[in-house]
Amino acid sequence: MKISLMEEVLENMDENEIKEVLDSHKQTLNEHDNRLKNHDEKITELQIKNAGYDQRFDNIDHQFDSIKNSLTRIENNNLQSSTILLNALSTIATGNASSKNDILKEETKGETEIKKVKLHNNLTITLKILAIISLLITSIVAVKYGITIK
């Protein structure tokens, strides 16, 4: 039935009309071909941009990993410093509790022995002050970088 309908249409149309229809179809096909070429060019451009973005994101990921490793090292160093300072403070506190710093009243002590005891007490006080200052500095650095001691 389709063939007879086509034959009927062809018989009723003259050659010029058929050529016009064919030319219009060719023109439509050429337009579609041009659109496909434009789309292919755009796809190629997008693929190039995508490759560039992939490389940038890889570089950003690498930088984040590097920053993360640096922060981990800083945190570990800070924890080690904090541990050393806490050990020093506990040593100082333990040293104060001992009887090494007690001054015994004896009538036989000379001036040199009293000076030695005063120097020892001054040294102990200086060490305490240095330990407290170091602990404060470590705490400030820890707060600044957001480092927590677990």
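Quick note: the coordinates plus some simple rules give every number you see, no bench work behind them. Computed from a predicted model, the values in this text were never measured in an experiment. Methodologically, a virtual Cβ is constructed for each residue, glycine included, from the backbone with ideal geometry; neighbour enumeration extends over all protein chains shown.
Being without any contact (Cβ under 8 Å) to a residue 60 or more places away in the chain and exposed (fewer than 10 other Cβ atoms within 10 Å of the Cβ) holds for only one residue in Asn34, Asn76, Asn16, Asn69, and it is Asn16. Among residues of the stretch 118-145 that are in contact (Cβ under 8 Å) with a residue 24 or more places away in the chain and closer than 18 Å to Ile84 by Cα, those with a beta-carbon under 9 Å from a residue that is of a type outside the set (Lys, Arg) and not in a helix (DSSP H, G or I) at least six positions away or on a different chain give the pairs Val141/Ile147; Ala142/Thr148; Ala142/Ile149.
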